[in-house]
Amino acid sequence: MNLQSTVKLANGVDMPWLGLGVYKVKEGQEVIESVQAAIRTGYRSIDTAALYGNEEGVGQAIRESGVSREELFITTKVWNSDQGYESTLAAFGQSLSKLGLDYIDLYLVHWPVKGKYKYTWRALEKLYADGKVRAIGVSNFQIHHLEDLLGEATVKPMVNQVELHPLLSQLELREYCANQGIQIEAWAPLAQGQLLDNELLQQIADTHGKSIAQVIIRWDIQSGIVTIPKSIKAQRISENADVFGFELSAAEMAQIDGLNINRRIGADPDNFNF
Ligand code: NAD
């Protein structure tokens with residue numbers, strides 16, 4: 001396995017196991033430099049969203065990267081205020097034009113907005129049928145949201161991107177998604193920095209001569225979870241990708257699994273107000 005290794009989604013599309021997240025990365029120079037550093041390092045997957053306000057910079061960086069479009073895997077998401085059928089189609093058009101692309105690899109429903117997400121999903125099904133997106137999925141969906149959606153969907157989400165890190169390992173949701181053929185993708189894999197002084201992780205990291213960030217990212221991949229750590233520093237972008245030359249033992253994997261305390265950093269998908 002290496003940085004360009006992929007997992008096959010239910011519809012046969014190959015998605016890289018590791019990508020760069022760009023949440024809170026500033027539009028313009030900052031996002032352009034981060035995405036360029038990632039692609040230079042060998043990343044092929046970038047995770048943005050309309051909300052992040054940096055789709056133009058992401059687009060510019062990938063155009064200037066010299067890597068062909070087909071080799072890249074670009075994810076973006078429809079924001080909550082744009083949910084609904086027509087408004088999602090319009091929001092998609094805007095994302096596409098900001099990115100300067102003619103298709104998206106993965107388009108996600110950013111949050112399960114009550115009373116709206118099924119209409120939003122229909123729009124994603126239409127974009128998928130029209131060949132404007134290679135795969136469609138959801139984000140922050142709990143099991144009950146998925147069951148509700150699957151009751152009506154004609155296309156099953158291929159991905160569910162959720163908050164997931166050793167403090168919130170989402171075992172039940174992972175098992176449900178595995179049974180449904182829905183790939184789990186971890187956001188905030190590094191718990192936004194909150195795990196970087198964890199003693200157990202430090203011990204495991206020392207054993208392998210790796211950093212805590214690398215141990216967590218490796219834990220994701222060995223657990224069958226697609227992961228998108230964020231950094232704007234070239235050195236860390238490269239460090240976070242250097243996870244293919246070592247392996248965590250079954251005992252270490254179990255120890256990391258044992259850190260779960262169901263603790264969220266971000267909002268609760270059943271109780272958010274944005
Ligand atoms: P993260 O867990 O990836 O943490 C990022 C932070 O960790 C960085 O800002 C940096 O301070 C630190 N860091 C990164 N690499 C490091 C290293 N090697 N050593 C030390 N510190 C390091 O948090 P995130 O950015 O919230 O999540 C990752 C991505 O997931 C986002 O950028 C975004 O693309 C996506 N995301 C999606 C949602 C959603 O609702 N779908 C929500 C949040 C984030």
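The values are calculated or read from the model by the stated rules, or taken from the named source; none is laboratory data. Treat the numbers as computed from the prediction; the structure is a model and nothing was measured. Neighbour counts run over all protein chains shown; Cβ positions are idealised from the backbone, glycine included. Heavy atoms of the whole protein, side chains included, go into the accessibility calculation; ligands, DNA and RNA do not. Shrake-Rupley method; radii C 1.70, N 1.55, O 1.52, S 1.80 Å.
Every listed requirement among (1) in a helix (DSSP H, G or I); (2) open to solvent by 50 Å² or more (accessible area, probe 1.4 Å); (3) more than 26 Å from ASP242 (Cα to Cα) is met by GLU70 save one, (3). Pairing residues of the stretch 126-142 that are under 30 Å from ASP268 (Cβ atoms) with residues that are among the acidic types (Asp, Glu) and assigned to a loop (DSSP other than H, G, I, E, B), at Cβ distances under 8 Å and at least 6 apart in sequence or on separate chains, gives GLN142/ASP270.
Looking at the stretch 7-22, which of its residues are open to solvent by less than 60 Å² (accessible area, probe 1.4 Å), more than 15 Å from the ligand (Cβ to nearest atom) and in contact (Cβ under 8 Å) with a residue 40 or more places away in the chain?
From the stretch 7-22, those open to solvent by less than 60 Å² (accessible area, probe 1.4 Å) are 7, 9, 11-13, 15-22; that's our starting set.
The next check asks that each one be more than 15 Å from the ligand (Cβ to nearest atom); those that pass are 7, 9, 11-13.
Those that are open to solvent by less than 60 Å² (accessible area, probe 1.4 Å), more than 15 Å from the ligand (Cβ to nearest atom) and in contact (Cβ under 8 Å) with a residue 40 or more places away in the chain: VAL7, LEU9, ASN11, VAL13.
As a summary of the residue check, LEU99 satisfies the conditions (1) out of contact with any strand residue (DSSP E or B) (no Cβ under 8 Å at 6 or more places or on another chain); (2) aliphatic (A, V, I, L, M); (3) away from the ligand (no atom under 14 Å from the Cβ) except for the one numbered (1). Within the stretch 224-240, being farther than 16 Å from PRO166 by Cβ and among the polar types (S, T, N, Q) holds for SER231, GLN235, SER238.
Yes/no per residue for (1) among the hydrophobic types (A, V, I, L, M, F, W, C); (2) open to solvent by 30 Å² or more (accessible area, probe 1.4 Å):
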| position | (1), (2) |
| --- | --- |
| LEU195 | yes, no |
| ASN198 | no, yes |
| ALA205 | yes, no |
| GLN214 | no, no |
| THR227 | no, no |
| LYS230 | no, yes |
| PHE246 | yes, no |
| GLU252 | no, no |
| ILE261 | yes, yes |
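Every condition in (1) assigned to a loop (DSSP other than H, G, I, E, B); (2) closer than 20 Å to ARG134 by Cβ; (3) more than 16 Å from the ligand (Cβ to nearest atom) holds for MET1 except the one numbered (2).
Which of the residues that make up the stretch 79-92 are more than 29 Å from VAL7 (Cβ to Cβ) and either open to solvent by less than 40 Å² (accessible area, probe 1.4 Å) or part of a strand (DSSP E or B) (or both)? Answer for the stretch 79-92, where residues must be more than 29 Å from VAL7 (Cβ to Cβ) and either open to solvent by less than 40 Å² (accessible area, probe 1.4 Å) or part of a strand (DSSP E or B) (or both): just GLY84. Checked against the criterion of being buried (at least 21 other Cβ atoms within 10 Å of the Cβ) and away from the ligand (no atom under 16 Å from the Cβ), the candidates VAL159, VAL155, VAL133 yield just one match: VAL133. Screening the stretch 168-193 for residues that are near the ligand (Cβ under 8 Å from one of its atoms) and touching a residue at least 60 places away in the same chain (Cβ under 8 Å) and picking the one that is least open to solvent (accessible area, probe 1.4 Å) gives ALA191. Of all the residues in the stretch 102-116, those that are open to solvent by 20 Å² or more (accessible area, probe 1.4 Å) and within 14 Å of the ligand (Cβ to nearest atom) number 1.
Looking at the structure I just gave you, is ALA234 touching a residue at least 60 places away in the same chain (Cβ under 8 Å), open to solvent by 40 Å² or more (accessible area, probe 1.4 Å), aliphatic (A, V, I, L, M) and more than 10 Å from the ligand (Cβ to nearest atom)?
On the way: touching a residue at least 60 places away in the same chain (Cβ under 8 Å): yes; open to solvent by 40 Å² or more (accessible area, probe 1.4 Å): yes; aliphatic (A, V, I, L, M): yes; more than 10 Å from the ligand (Cβ to nearest atom): yes.
Taking the combined requirement at face value, the residue satisfies it.
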